[in-house]
Amino acid sequence: MPQESAVYTHGHHESVLRSHTWRTAANSAGYLLDSLKPHMRVLDIGCGPGTITADLAALAPDGQVTGLERAPEVLDQARATAAARGVDNVRFVVGDVHALDFPDDTFCVVHAHQVLQHVGDPVQALREMRRVTKPGGIVAVRDSDYSAMTWYPEVPGMTDWLQLYLRVARANGGEPDAGRRLHAWARRAGFAPEAVTATAGTWCYRTPEERAWWSELWADRTVSSSYARLAVDGGHATEAELRRIAEAWRAWGAEEDGWFGILHGELLCRV
């Protein structure tokens, strides 16, 4: 079976987990929630620190939720998240979305948030997600679209950040503009057009607290995370350039009129 060929651009530095632990089912999987039933078996792919996974488990109290992550080192935090929330119908496993270690027709819902942008073969990933979903079940995916991100004001260096991120992510084998491609990938994976509901969702950071949080985590990520190492080792930027981009993030965060919008593609695919 195919295996993951892409490098995860972000890694699991504290600045990355600062972002991931903010995510909830409400702010990151709202398009799916009306389809969840208390008895369902759910697979959450790319679960990371488990905040969305624990929410899904609470929403399916009579079912079972499995959080799957390629990087085993983050699963201790996911287990701690679930324990702190008091949900006991959840388990966490290591796995690869290109070759899921589950029988056909296992889950009622297979969910992946911000995963397909980072994998080497998103179409194969969707095929595997479809395979392990029961007839009548749902494959739910949501991914951001970096080229569609927008902000105000145009602080010098912010556009350099975006162009650098696009280069690094693609060099690592991913597709940072995944959001706009999800529906096309689903068609290539074998989902009938009438079985796919495609929508869009957004995140927006505007208040002083939101700007400070978003700008600081990206400033730290730019100089301290796996992304920073990959940018330098891949010849995409120097350490001095990364420091300059980090300062651009902080300058944007200090702007009283600062606003940052993130567009996501969303799919509900009926099996």
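Brief remarks follow.
- A helix-only calculation puts the chain at -11500 deg cm²/dmol for mean residue ellipticity at 222 nm, using -39500 (n - 2.57) for each DSSP H run of at least four residues, averaged over all residues.
- When Cα extents along the principal axes in Å is computed from the coordinates, the matching label among (1) 51, 38, 33; (2) 61, 45, 40; (3) 61, 38, 35 is (1).
- Global form of segment 206-271, assessed from the alpha-carbon gyration tensor, a/c cut-off 1.5: oblate
- Shape category assigned to segment 1-61 from the gyration tensor of Cα positions, a/c cut at 1.5: oblate
- Alpha-carbon Debye profile of segment 85-146, log10 I(q)/I(0) at 0.13, 0.17, 0.22 Å⁻¹: -0.38, -0.63, -0.97
- 1.4 Å probe accessible area per residue over segment 185-231, in Å²: 47 Å²
- Ranking GLN64, GLY173, VAL115 by Cα position along the charge dipole of the chain, where only Lys, Arg, Asp and Glu carry charges on their C-beta atoms, puts GLN64 farthest toward the positive end.
- DSSP beta bridges in the chain [antiparallel fraction, %, rounded to 5]: 50 percent
- Highest-MSF residue in the chain out of GLY261, GLY50, GLY95 [GNM, Cα springs under 10 Å]: GLY261
- Accessible area of segment 33-95 divided out per residue, in Å², using a probe of 1.4 angstrom: 44 Å²
- Note on GLU247/THR24: beta-carbon distance plugged into 1/(1 + (r/R0)^6) with R0 of 30 Å gives a FRET efficiency of 0.45.
- Once the Cα-Cα distance is subtracted from the 0.36 nm per residue extended length, the LEU166 to ASP62 segment shows a gain of 33.3 nm.
- Dipole of segment 3-132, positive direction: furthest Cα of ILE52, HIS10, ASN27, with charges on the beta-carbon: ASN27
- Overall form of segment 154-271 per C-alpha gyration tensor (a/c, 1.5; a/b vs b/c): oblate
- Percent accessible area from carbon and sulfur atoms, segment 93-228, protein chains only, probe 1.4 Å: 50 percent
The values are calculated or read from the model by the stated rules, or taken from the named source; none is laboratory data. Computed from a predicted model, the values in this text were never measured in an experiment. With ideal geometry, Cβ positions are generated from the backbone for all residues, glycine too; neighbour counts draw on all protein chains shown. In case anyone asks, the SASA skips ligands and DNA or RNA and just uses the protein heavy atoms, side chains included. Shrake-Rupley method; radii C 1.70, N 1.55, O 1.52, S 1.80 Å.
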